[in-house]
Amino acid sequence: MPEILTRPITTPAAQRAARRSAAGRAAWRSPLVSLTTDFGARDPSAAICRGVILQIAPRARVLDISHEVEKYSVLDAALLLWCALPYLPLGVHLAVVDPGVGTERLAVGIETARGDLLVGPDNGLLRPAAERLGGIRAAHVLENPDYRLPALSASFHGRDVFAPAAAHLALGVPLADFGRPIDPAALVPLELPVPLVRPGLLETEIVYVDTFGNLKLAGGSSDLAAAVGPLQPGLSLTVSCSNVAGTVDRVEGLVEEQVPWATTFASVPVGRPLLYEDSYGRLCWADNQGNLAARLGLRRGCRVSVRRA
Amino acid sequence: MPEILTRPITTPAAQRAARRSAAGRAAWRSPLVSLTTDFGARDPSAAICRGVILQIAPRARVLDISHEVEKYSVLDAALLLWCALPYLPLGVHLAVVDPGVGTERLAVGIETARGDLLVGPDNGLLRPAAERLGGIRAAHVLENPDYRLPALSASFHGRDVFAPAAAHLALGVPLADFGRPIDPAALVPLELPVPLVRPGLLETEIVYVDTFGNLKLAGGSSDLAAAVGPLQPGLSLTVSCSNVAGTVDRVEGLVEEQVPWATTFASVPVGRPLLYEDSYGRLCWADNQGNLAARLGLRRGCRVSVRRA
Amino acid sequence: MPEILTRPITTPAAQRAARRSAAGRAAWRSPLVSLTTDFGARDPSAAICRGVILQIAPRARVLDISHEVEKYSVLDAALLLWCALPYLPLGVHLAVVDPGVGTERLAVGIETARGDLLVGPDNGLLRPAAERLGGIRAAHVLENPDYRLPALSASFHGRDVFAPAAAHLALGVPLADFGRPIDPAALVPLELPVPLVRPGLLETEIVYVDTFGNLKLAGGSSDLAAAVGPLQPGLSLTVSCSNVAGTVDRVEGLVEEQVPWATTFASVPVGRPLLYEDSYGRLCWADNQGNLAARLGLRRGCRVSVRRA
């Protein structure tokens, strides 16, 4: 997806429409602000962030990515942003999964090479998406009280710090006005799980369970091919996984099944498993029209090995 | 609801407001695009569709109908659209429940008599709503690569095909530019459950369980009246249902209770059941301020019979 | 939070931006309409309300506060509005938790001192938020058929009465045009739980369980200090609670633990409980990065007592 990584999606027709009318230009007067949090859809927190943004930047268009990030999971949010941001318009992207709220952890704003502005706690949350948008061009600490709410709580910086920062960035306040620059290399890193390519064996793990029960694995088809050789549709693979968080070395509770390499769900009968490359380029283990995670009791963090059957 | 079927909702005050100011005209420069999917609110998929739409058509107003359609259930999505679309503004309506993604199933765009444009897989999903909006005026296959994302995945056509199509339609690209016309009669049909009127007995089934646990049944009050005679508030009815998917002929697990015909919930005490015509004209069996589906363990597909007590 | 109570949030930069460009003025041509209901995100009901609003007031910006209010719970919705509305822009705020739909209960519109317009059933739902926005300036019954949908159902006034009223208010129709005035003192009251300050003991109750499992209690830190004396970070408190709805006098199922008074989550180790003042000024009992409600089996309505350890 190299094009999407470095510049926004467009098409000839969209470009013509933008040139022909004021609509395209007008879009830039209505800056996009996206939100990604673990606040949940029931609580008022996400709406309060939207409200604060719209009070400060009334023309902003707010787009919710997800408020159902796994509670406290920086990794989960980081993967959601990694998936989503390349497909969103240039904009300000606010992300809050913040178990360290009220501590010395920094609040940061990041400018990416694509031109987006990312806002959130400095806990690694923003880094994979920033890399995917071309890398970090600048980072600043969000410490200027002019761009915070007047009263700062100890437990809801989404409302008091991050939403106001995002809104002021959407108004065009330069990132440098928010506080001192910070060396991108000094930002808190995030270790994304990576697969281990062994002769004849790929060792990986479940990084995300989607709402269909599909299991997203660390690594892509090239990793699997490096381990087991060329991947033809129908190639039979043996997938092993502990049914509790743990290693595949544990025998008790080991799940093992034959799974074909396939291009899409309908390549196998309804209810049967397949291994395929998902639409983001990741390995994915799924049941056609079923819920694999529920069928096998698997969850994020379970280690998975794949070899030829 | 004949008026709603054939033209958008309006009121004298809304019409005056539209005439008086530029607001009404401006609305048409901000086309509405609605989304209905089984993607779930947690995953990034729905936000990615919104992002793709806004990249291509920055002035579009995106309205989410639901992303919690029962996974893989074309019928569930079709009923949601049937309920919702008559109350939405004229617009482009995108719906994706797509178990056949990556197969030969067609992607289609449909123009309705009301003037809406419906976009989705050709699996029957769009047909009940299209009928309710006055019928199908034209249908075209969505196959022009100019109106798709440059890279086409095998498992996420919501992002790669349907969202770009909806966005281009919102930009004003004519439906005919997307691909060859298709005879409406050749679109994949969808069989909606229908009630069976017998002397003294209505045989129907649960077509939708709402989040209150209310059970929406196939058919309306005229069907019930045809079976059991005039419906007066307070008329006592016997409702029978198998508590597993199956027929009412099965004795084991049969649920049977006396239920009054009523006009609204408060006609019966809190916690007690009633049968009424819901706000869409459908028969509905519910508990006042309770959760009937949970109380009796009933779900979509259960067959229900109703007779005079 | 006195400033927020009486006037909208703003900042010097936001004010300059508003003066400098047409953006600020334009915002007032795009009135904000917020929605709070117990309709659930799966059902089409919330989208239908959005659709009706946008048909009548095409320039409105619709902001969802929550559609996951506890079913039928007027108190739950009232607390959500109390939290959220001070942080939202001036606007029209629609709230529907309406177990009395179809009865003689009134539909009301309320103008607050801050300038907002609140719309909903007259069941107490709107009152705590109205007080927090400076009090009620005027209230009118929503009975003018010109501002309703032409056909009025007996079970979905969100669609037929409240959404059209909110949309017409957003268009600028004066509240007085909707129906006869009603004395604010005659509106149905809502009793919010209040804590009882005893010598050395605060008796309170759980008023809201958030999606993190944090337990919001009736009362603030000043109530607790009045009962147990000055609150220093680290002060050890004994919190007692029945693990079923009931009183703390019941011995069976009594939960009791030592909990420190703290300023934020990270003041205690991961998984450990704390008592703190939440970002709305309420007492809150929580586990750092855990789910206290799940750990102890507690829910809304459970009575809680707090004393020095």
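The values are calculated or read from the model by the stated rules, or taken from the named source; none is laboratory data. Bear in mind that the values here come from a model prediction, so they are computed numbers and not experimental data. Don't worry about glycine lacking a Cβ; one is built from the backbone with ideal geometry, like all the others, and counts go over all protein chains shown.
Worth pointing out:
- Top-ranked residue in segment A:168-188 [being outside any loop (DSSP other than H, G, I, E, B) and touching a strand residue (DSSP E or B) at 6+ places or on another chain (Cβ under 7 Å); ranked as farthest from the other protein chains (Cβ to nearest Cβ)]: A:Pro184
- Of all residues in segment C:257-309 being part of a loop (DSSP other than H, G, I, E, B) and closer than 13 Å to C:Cys241 by Cβ, the one that is nearest to the chain's Cα centre (by Cα): C:Arg300
- Checking each residue in segment C:243-274 for being surrounded by fewer than 18 Cβ atoms within 10 Å (Cβ to Cβ) and at pLDDT below 90 picks out C:Asn243, C:Val244, C:Ala245, C:Gly246, C:Thr247, C:Asp249, C:Arg250, C:Val251, C:Glu252, C:Gly253, C:Leu254, C:Val255.
One line per residue, one yes/no per condition, for (1) within 10 Å of chain B (Cβ to nearest Cβ); (2) of a type outside the set (D, E, K, R):
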site: C:Thr37; (1), (2): no, yes
site: C:Gly40; (1), (2): yes, yes
site: C:Cys49; (1), (2): yes, yes
site: C:Thr103; (1), (2): yes, yes
site: C:Asn123; (1), (2): no, yes
site: C:Glu131; (1), (2): no, no
site: C:Gly135; (1), (2): no, yes
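- Of the numbered criteria (1) in contact with a helix residue (DSSP H, G or I) (Cβ under 9 Å, 6 or more places away or on another chain); (2) within 12 Å of chain C (Cβ to nearest Cβ), the one A:Tyr72 fails is (1).
- Test: residue in segment B:196-218 that is more than 14 Å from chain C (Cβ to nearest Cβ), of a type outside the set (Gly, Ala, Ser) and part of a loop (DSSP other than H, G, I, E, B): yes
- Whether a residue is of a type in the set (Lys, Arg), touching a helix residue (DSSP H, G or I) at 6+ places or on another chain (Cβ under 7 Å) and modelled with pLDDT of 95 or more was assessed, and A:Arg198 passes this test.
- Single residue of segment B:153-169 satisfying the filter (hydrophobic (A, V, I, L, M, F, W, C) and modelled with pLDDT of 95 or more) that is nearest to B:Pro99 (Cα to Cα): B:Phe156
- Set C:Arg132, C:Arg127: member being charged (D, E, K, R) and surrounded by fewer than 22 Cβ atoms within 10 Å (Cβ to Cβ): C:Arg132
- Residue in segment A:193-211 that is more than 29 Å from B:Lys71 (Cα to Cα), acidic (Asp, Glu) and in contact with a strand residue (DSSP E or B) (Cβ under 8 Å, 6 or more places away or on another chain) present: yes
- Annotation: A:Glu277 fulfils all but one of (1) farther than 17 Å from A:Val207 by Cβ; (2) modelled with pLDDT of 95 or more; (3) not small (Gly, Ala, Ser); the unmet one is (1).
- Segment A:137-161: number of residues that are under 24 Å from A:Asp38 (Cα atoms), free of Cβ contacts under 8 Å to residues at least 24 places away in the same chain and either of a type outside the set (D, E, K, R) or within 7 Å of another protein chain (Cβ to nearest Cβ) (or both): 3
- Number of the condition not met by C:Ala139 [criteria: (1) within 19 Å of C:Arg303 (Cβ to Cβ); (2) touching a strand residue (DSSP E or B) at 6+ places or on another chain (Cβ under 6 Å); (3) part of a strand (DSSP E or B)]: (1)
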